[in-house]
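Report on the structure given below.
Where a number appears in this text, it was derived from the coordinates with a stated rule and is not lab data. Since we're looking at a predicted model, the values are computed, not measured. Here the Cβ positions follow ideal geometry from the backbone for every residue, glycine too, while neighbour counts run over all protein chains shown.
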């Protein structure tokens, strides 16, 4: 077990739950976080949910001196810091690349060139780097790795993935780590770069490194005020304000929704397992669920089933159709998800009922329209 762990982005949704789990098993934890206003609402102090047993250091990943101080005395780093949001990344290009890529580069440079005792690096990657998931062609069972659907197809409201060779409708299949990476957003590319630089540096300098490819994580503490966070939180903010969730395309696109508690268990398993070494590993459930089902389930759990989702039948540039995880490698290493989707969403709703939610979803949608990123 690593006795002293640095969690970058540790005041955020995923980071803070990781901090709790590390403290529960007896590790000493230092949190390094810049308290991004988009996540923390301009607060100057850590959120109330962040354990006071952890040492908190406020700082920016791009500040080399601050990062050097943050890694002092720790034997493992869990790098969760970064900006999230596919749609926003398509126009806030400089910020996403600067924070996610350069911030990671500063950390890696410090670990390689400055005196420290770090033995293990766990990096938060993302399923978004796959682009489209893996598909199976019904006519012959062949596995297909298509890129984006043509705009001409989407303009006809034909949303399902079609084989670029035969034109037939493809069936989604579990996506393994070996699938080619076809990034379709600036956010995805920034996470791909972050992952690949970390693994390259790890192999080159014999720094034990693992990249965790998170699928769609949800749970308590996910900001209900950030319209660019996970879809379950975005839907919650609408529902809590008695507004119907907004859904692009037809709502039948599928994702792999993973409880924060399962994700954190997986992260700590990979942190400690020596068989995971300089590789990227999926963390999810391996079970696909449609966006429409998530919206309807949340409305029901919030006691507002009358809020039928508003299906826009519009598409966003860079959006994919289906992607859910193949968990074979994680299972080989001992990971199993334990929390059902309904139980996990119920926990999210119970927490969501106790916090304020500022609905900025329509504002974010209108910004995407103004930028030409939403089309019919």
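Taken over the alpha carbons of the range 1-74 as equal point scatterers, the Debye sum produces base-10 log I(q)/I(0) values at 0.18, 0.20, 0.22 Å⁻¹ of -0.65, -0.79, -0.94.
Considering only DSSP beta bridges whose two residues both sit in the range 4-375, what percent are antiparallel, to the nearest 5? The answer is about 20 percent antiparallel. Among 301, 270, 122, the largest mean-square fluctuation in a Gaussian network model of the chain (Cα springs under 10 Å) belongs to 301.
Working out 0.36 nm times the residue gap between residue 49 and residue 353, then minus their Cα-Cα distance, what length gain in nm do you get to one decimal? Intermediate results must be reported in sequence, preceding the final value.
On the way: separation 304, 0.36 × 304 = 109.44 nm, distance 1.56 nm.
Extra length available between residue 49 and residue 353 comes to 107.9 nm.
The ellipsoid equivalent to the alpha-carbon distribution of the range 4-375 has semi-axes of 32, 25, 19 angstrom, derived from the gyration tensor eigenvalues as √(5λ) and listed largest first.
The angle between the Cα long axis of helix 186-205 and the longest principal axis of the Cα atoms of the chain comes to about 40 degrees, rounded to the nearest 10. Taking 88, 194, 363 as the candidate residues, the one with maximal mean-square fluctuation in a Gaussian network model of the chain, Cα springs under 10 Å, is 363.
Helix 231-240 and the long axis of the chain differ in direction by around 70°, with both axes built from C-alpha atoms. For the chain, the relative contact order is 18 percent, taking Cα pairs closer than 8 Å that sit 6 or more residues apart in sequence and dividing their mean separation by the residue count.
Estimate the FRET efficiency between residue 178 and residue 1 by the formula 1/(1 + (r/R0)^6), using the beta-carbon distance for r and 30 Å for R0, to the nearest 0.05. Present the calculation step by step, with values, prior to reporting the outcome.
On the way: r = 31 Å, r/R0 = 1.03.
The calculated FRET efficiency here is 0.45.
Build a GNM of the chain with springs between Cα atoms under 10 Å apart, and of 255, 52, 120 the one that fluctuates most is 52.
Neighbour counting of Cβ atoms within 10 Å sorts the residues 136, 147, fewest neighbours leading, into 147, 136. Three semi-axes describe the equivalent ellipsoid of the range 258-370; taken as square roots of 5 times the Cα gyration tensor eigenvalues and ordered largest first, they are 31, 19, 14 Å. Between the Cα long axis of helix 361-370 and the first principal axis of the chain there is an angle of about 70°, rounded to the nearest 10. Distance between the modelled labels on residue 272 and residue 63, one decimal in nanometres: 3.3 nm (7 Å Cα→Cβ projection).
In the chain, helical runs assigned H by DSSP with n ≥ 4 each contribute -39500 (n - 2.57); averaged across all residues and rounded to the nearest 500, the mean residue ellipticity at 222 nm is -10000 deg cm²/dmol.
By counting other Cβ atoms within 10 Å of each Cβ, how are 48, 319 ranked from fewest to most?
48, 319
For the range 147-269, the spread of Cα coordinates along the three principal axes comes to 51, 45, 24 Å, biggest extent given first.
Counting neighbouring Cβ atoms within 10 Å and putting the fewest first, the residues 178, 27 line up as 178, 27.
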